[in-house]
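K.L.:
Below you'll find the structure I mean.
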Amino acid sequence: MLEVSALTSHYGRIQALAGIDLTVEDGELVALVGANGAGKSTLLRAISGVQPSSGKIIFNGNDISGVRSDRRVRLGIVQVPEGRQVFGPLSVEDNLRLGAYTRTRAESDAELERVYAMFPALKERRGQAAGVLSGGQQQMLAMGRGLMAKPRLLLLDEPSMGLAPRLVEEIFAKVRALKAARTTIFLVDQNARAALSVADRGYVLETGRVVLAGSGAELLADEKVRQAYLGL
Amino acid sequence: MSAQLAQYLLSGLTIGAIYALVALGFAIIYNASHVINFAQGEFVMIGGMATVSLANAGLPVLAAIPVAVLAAAAVGLALEKFAVEPARGASVVTLIIITIGASILLRGLATLVWDKNLHALKPFSGDRPIELAGATILPQSLWVLGVTFAIVLALGWFFGRTLTGKAMLATSHNPLAAQLCGVNVRFVLLLSFGLSAALGAVAGILIAPITLTSWDVGVMLGLKGFAAAILGGLGSGAGAVVGGLALGIAESLGAGYLSSAYKDAIAFVIILAVLFFMPSGLFGKKSAERV
Ligand SMILES: Nc1ncnc2c1ncn2[C@@H]1O[C@H](COP(=O)(O)OP(=O)(O)O)[C@@H](O)[C@H]1O
Ligand SMILES: [Mg+2]
C-alpha cells in the first residue's frame, strides 16, 4: 500500500531523514520506534506532504511524491498528529466535521455516527469547545477527527504521549479495534513495548535512518531493542 | 437624549459601520496569515473610485457596484497570488512590508488609471434627510447601516455555519492540523484576500456619497479600520464590529463636543492606548489561551 524509498528531509542544513526505505502492506499495523529526535514525526509529515522531502513515496501504485497534502488526504493518507492539535476554539463536532473536510456530507454524517459510537465521551461533549477537554479526551478527538476522513492509511503520531496509564491502555485498545476492522495503520509511539506488541511489523529509527526491521515479536525479543527502548 | 447627542451618535454609527467593514477585512487576512494587510485601505479606494468612474462612463450605479466590488476582489486575489504567495515562508514583518509596498503601488496606479481629483458618487436613494428622534439622518446613512448589518450577518453565517468558513477558522488556529484535515491552506489565504478586498470595496462604495472619494482616501480609512481592529482585538470578528462602531462614535462625539480638529487624532490615540495598556484588545485572545 505504502512504499517509501530513499526518502530524505532537511531542516535548513540539518538532515532529519537520511534515506528511509520502508513499506506498509494493506491491512497491516506497522510500528515505528526510535528515540526522541530520531525523525519519526518528520517521516510521518513527509508522508502526509506537509514537510518538504525528496525521494519516492508510492501509494497504491502511484508516485505521490509531488502531490499536495490535501490531495493526499483525499487519496486516504490521514495523519493524527503528535500533540493532538485539536482546533481549541471550535466545538467537538466542528472538529470532527473538519476531519471529513474532503468527504461528502453523507459520508461525513455516516462517519460521525461511527466515531460517536467508538468514542461516546465525544458525543456527550459534542457542543463543547475542544480546548476545554481533558488531554485524554483531546487525543480521542484527534483520533476521531482522523477517522472522519475515512483513512485508507492511518498515520498515528504518539497517540499515547503524556497520558495516564489507564488512558494509554484505552488508546491502545482503540488501535487494536481499528486493526481488527482492517484499517492499515502506521504507528509511532514512545511506548515501544505497547506499540511493538500490537504491531505486525516494526522499524527502528535512529538519527534519520532505519537501523532495524522485523516482525513485532522479533523486535520485542531483540537484544538491542530491549536495551535501548524497553529499558531492560 | 438631546437632539444634538442623537445627531452625533447617528453620524458616529454611520462612519463606525464603515470602519467596522474595513476592520473585518483586516481581521480576516490576519486570521488566515497573521499578516496585517496595509493595502486594506486601497481596496476601499478602488471600490469607491471604480464605481464613480463606471457610473461616469454611463453604467447605472446598480450595475457599477458589483463590477467595482469584483474588480477590487480581483486586485486582492492578485495581491495574494503575485506578492504574498511568492514570499511564503518569509517572516510576517516581510509580508507586512510587502503589503505596504503594494498600497503605494496601488495608489500610484489609481492616479494613472483615474486622476488626483475628488469625486462624488450620487447617493443611492436621494439626499433628503429623514427625521429620527429629533435628529436627521441621510438616506445614505441608512444604506451604510443596513448593508453593514447584512454583511455582518452573512459573515456570521459563513464562519459559524459553513464548512468552508470553519475551515478558515481552523486554519487560523492551527494551519498544520488544518492541512492534515485536507484543507488547502493556500486556497484559504487566497480566499481571505478576495473576501477582505470585497469587504473593503463595499465600504468604499457605501461611504463615497457621504465623504467624497479620491485616489488617497484609503490611507485614512485604512488607518481608522486598523485602529478599530486593534481596539476590538486583532483577528476577532465581533471585536472588529464593536471596535469600528466605538471608534466612529468616539470620533463623532470628540468632534462635536471638543473640536473637529481632534477627530483624526482620536484613532491614533486609541491605537497607542490599546497597544500600551490592552495589547489583546476588547475581544482578543488572551495570550494565556495560546498554548
Ligand atoms: N521545526 C523544526 N526545525 C528544526 N529542526 C527540527 C524541527 N522539527 C524537528 N527538528 C529536528 O529534526 C530531528 C527529528 O525530529 P522529529 O522528526 O520531531 O523527531 P521525533 O518525532 O522522532 O522525536 C530532530 O533532531 C529535531 O531537532
Ligand atoms: Mg515526534
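The values are calculated or read from the model by the stated rules, or taken from the named source; none is laboratory data. On a predicted model such as this, the values are computed, not experimentally measured, just so you know. Positions of Cβ are generated from backbone atoms using ideal geometry, with glycine treated the same way; all protein chains shown enter the neighbour counts.
K.L.:
Scan (1) within 16 Å of ligand 2 (Cβ to nearest atom); (2) in contact with a strand residue (DSSP E or B) (Cβ under 9 Å, 6 or more places away or on another chain) for the single condition residue A:163 breaks and write down its number.
P.N.:
Only one criterion is unmet by residue A:163, namely (2).
K.L.:
Still on this model: Restrict the check to region A:125-132 and report whether at least one residue is away from ligand 1 (no atom under 16 Å from the Cβ), within 14 Å of chain B (Cβ to nearest Cβ), assigned to a helix (DSSP H, G or I) and surrounded by fewer than 21 Cβ atoms within 10 Å (Cβ to Cβ).
P.N.:
Narrowing region A:125-132 to residues away from ligand 1 (no atom under 16 Å from the Cβ): A:125-132.
Now narrow it down to the ones that are within 14 Å of chain B (Cβ to nearest Cβ): A:127, A:129-132.
Adding the requirement that they be assigned to a helix (DSSP H, G or I) leaves A:130-132.
Those still in the list that are surrounded by fewer than 21 Cβ atoms within 10 Å (Cβ to Cβ) too: A:131-132.
Taking every residue of region A:125-132 in turn, at least one turns out to be away from ligand 1 (no atom under 16 Å from the Cβ), within 14 Å of chain B (Cβ to nearest Cβ), assigned to a helix (DSSP H, G or I) and surrounded by fewer than 21 Cβ atoms within 10 Å (Cβ to Cβ).
K.L.:
Turning to a different aspect of this structure: If you go through region A:18-56 one residue at a time, how many are part of a loop (DSSP other than H, G, I, E, B), more than 14 Å from residue A:66 (Cα to Cα), more than 15 Å from ligand 2 (Cβ to nearest atom) and touching a strand residue (DSSP E or B) at 6+ places or on another chain (Cβ under 7 Å)?
P.N.:
Count: 3.
K.L.:
Being more than 9 Å from every other protein chain (Cβ to nearest Cβ), surrounded by fewer than 22 Cβ atoms within 10 Å (Cβ to Cβ) and assigned to a helix (DSSP H, G or I), is that true of even one residue in region B:176-185?
P.N.:
The answer is no, given that none of the residues of region B:176-185 is more than 9 Å from every other protein chain (Cβ to nearest Cβ), surrounded by fewer than 22 Cβ atoms within 10 Å (Cβ to Cβ) and assigned to a helix (DSSP H, G or I).
K.L.:
Quick one: residue A:168 ticks every box in (1) more than 14 Å from chain B (Cβ to nearest Cβ); (2) in contact with a strand residue (DSSP E or B) (Cβ under 7 Å, 6 or more places away or on another chain) except a single one, so which number is it?
P.N.:
Single failed check for residue A:168: (2).
K.L.:
Let me ask something else about it. Check whether at least one residue in region A:62-69 is in contact (Cβ under 8 Å) with a residue 24 or more places away in the chain, part of a loop (DSSP other than H, G, I, E, B) and more than 10 Å from every other protein chain (Cβ to nearest Cβ), and report yes or no.
P.N.:
no
So that you can scan it fast, the table gives a plain yes or no per residue for (1) within 14 Å of another protein chain (Cβ to nearest Cβ); (2) more than 16 Å from ligand 1 (Cβ to nearest atom):
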position	(1), (2)
A:3	no, yes
A:30	no, no
A:33	no, no
A:36	no, no
A:41	yes, no
A:46	yes, no
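K.L.:
Right, here's the next one. Just one of (1) within 14 Å of chain B (Cβ to nearest Cβ); (2) away from ligand 2 (no atom under 16 Å from the Cβ); (3) in contact with a Ser or Thr (Cβ under 8 Å, 6 or more places away or on another chain); (4) not in a helix (DSSP H, G or I) trips up residue A:82, so point out which.
P.N.:
Looking at each condition in turn, residue A:82 falls short on (2).
K.L.:
So, of the residues in region B:118-138 that are of a type outside the set (A, V, I, L, M, F, W, C) and within 21 Å of the chain's Cα centre (by Cα), which turns out to be nearest to residue B:238 (Cα to Cα)? Step through it out loud before you land on a result.
P.N.:
Within region B:118-138, the subset of a type outside the set (A, V, I, L, M, F, W, C) is B:119, B:122-123, B:125-129, B:131, B:134, B:136.
Next, from what is left, pick out any that are within 21 Å of the chain's Cα centre (by Cα): B:119, B:123.
Values: B:119: 32, B:123: 29 Å.
Looking at residues that are of a type outside the set (A, V, I, L, M, F, W, C) and within 21 Å of the chain's Cα centre (by Cα), I get B:123.
K.L.:
Cβ contacts < 6 Å: first residue more than 18 Å from residue B:11 (Cβ to Cβ), restricted to region B:203-221; second residue hydrophobic (A, V, I, L, M, F, W, C) and not in a helix (DSSP H, G or I), any location; separation 6+ or different chain. Result?
P.N.:
Short answer, once both residue conditions are applied: B:214/B:118.
K.L.:
Hey, another quick one. Residue by residue through region A:156-170, note down the ones that are away from ligand 1 (no atom under 16 Å from the Cβ) and in contact with a Gly (Cβ under 8 Å, 6 or more places away or on another chain). Steps first, please.
P.N.:
First pass over region A:156-170, keeping only residues away from ligand 1 (no atom under 16 Å from the Cβ): A:163-170.
The answer is A:163, A:164, A:167, A:170.
K.L.:
Give region A:136-172 a look and list any residue that's within 18 Å of residue A:188 (Cβ to Cβ), in a helix (DSSP H, G or I) and small (Gly, Ala, Ser), or say none.
P.N.:
Those that are within 18 Å of residue A:188 (Cβ to Cβ), in a helix (DSSP H, G or I) and small (Gly, Ala, Ser): A:142, A:146.
K.L.:
So which residues in region A:11-28 are out of contact with any helix residue (DSSP H, G or I) (no Cβ under 6 Å at 6 or more places or on another chain) and within 9 Å of ligand 1 (Cβ to nearest atom), if there are any at all?
P.N.:
Across region A:11-28, the qualifying residues are A:11, A:12, A:14, A:15.
K.L.:
Further question: Go over the candidates A:71, A:103 one by one and state the one that is surrounded by fewer than 16 Cβ atoms within 10 Å (Cβ to Cβ), within 30 Å of residue A:129 (Cα to Cα) and away from ligand 2 (no atom under 16 Å from the Cβ).
P.N.:
Answer to the check: A:71.
K.L.:
Hey, among B:93, B:61, which residue is surrounded by 14 or more Cβ atoms within 10 Å (Cβ to Cβ) and modelled with pLDDT under 95?
P.N.:
Only one candidate passes the filter, namely B:61.
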